[in-house]
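**Q** I am attaching a structure below and will ask some questions about it afterwards.
Computed from the coordinates by the stated procedures, all read-outs in this text should not be read as laboratory data. In this text, all values refer to a predicted model and were calculated from it rather than measured experimentally. Quick reminder, even Gly has a Cβ in these numbers, built from the backbone with ideal geometry, and neighbours come from all protein chains shown.
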Amino acid sequence: MFVDASAIVAILTEEPDGTDLAAQLACADRRITNTLAIFESVAAIFRVKRTTIDRAEAQVLAFVKAAAIEVLKIDQEDTSLALQAYGLYGRHRHPDDRRNRSLNLADCYHYASAKAHRQPILTKDISFSETEIPVCR
């Protein structure tokens, strides 16, 4: 299962659906994320909890370690898959009133990691439901 930033943040900030997301994560045979999701998660924790970047990073990395989530590096194959995702599902494909149904840059890379590793995505983001990647919510 690819764990995107929205799921990590929901769990760490105890959002209402965080418990359900944590339960799904606990049941996954494989847990992966990528460096961009780590960046997004740290930035969100920094903003939401009004803490320091160092503390936010430490919290995210401690969670990733405790949850046994493998952090993937982004490579050229991921970039090619992310570009394909952008071509199919990117923000340019939707009018402004449906932009929340399209993939942003980070989402394109999350899609790429999930697709390359043949994993569903654990996310709160509704835009992934527009793709062929299975979504866990």
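**Q** Tell me what the chain gives for mean residue ellipticity at 222 nm when only DSSP H runs of n ≥ 4 count, each as -39,500 (n - 2.57), the sum divided by the residue total, rounded to 500 deg cm²/dmol.
**A** The per-residue figure over the chain is -16500 deg cm²/dmol.
**Q** Using the number of other C-beta atoms within 10 angstrom as an exposure proxy, rank 111, 86 with the fewest first. All intermediate terms of the calculation are to be shown ahead of the outcome.
**A** On the way: 111 27, 86 21.
Taking fewest neighbouring Cβ atoms as first place, the list is 86, 111.
**Q** Related question: Report the semi-axes of the equivalent ellipsoid for the chain in whole Å, largest first, where each axis is √(5λ) for an eigenvalue λ of the Cα gyration tensor.
**A** That gives 23, 16, 15 Å for the three semi-axes.
**Q** Right, something else. Please sort 101-108, 61-68 by packing, taking for each peptide the average over its residues of neighbouring beta carbons within 10 angstrom, highest first.
**A** Result, highest mean first: 101-108, 61-68.
**Q** Which length gain, in nm to one decimal place, applies between residue 132 and residue 49 when the Cα-Cα distance is subtracted from 0.36 nm times their residue separation?
**A** 26.5 nm
**Q** Now for a separate question. Excluding residues fewer than 8 places away in the same chain, name every one of the lysines whose C-alpha is closer than 23 Å to that of residue 73.
**A** Straight-line reach from residue 73, under 23 Å: 65, 115, 124.
**Q** Normalised by the number of residues in the chain, what is the relative contact order in percent for Cα pairs under 8 Å and 6+ residues apart?
**A** 29 percent
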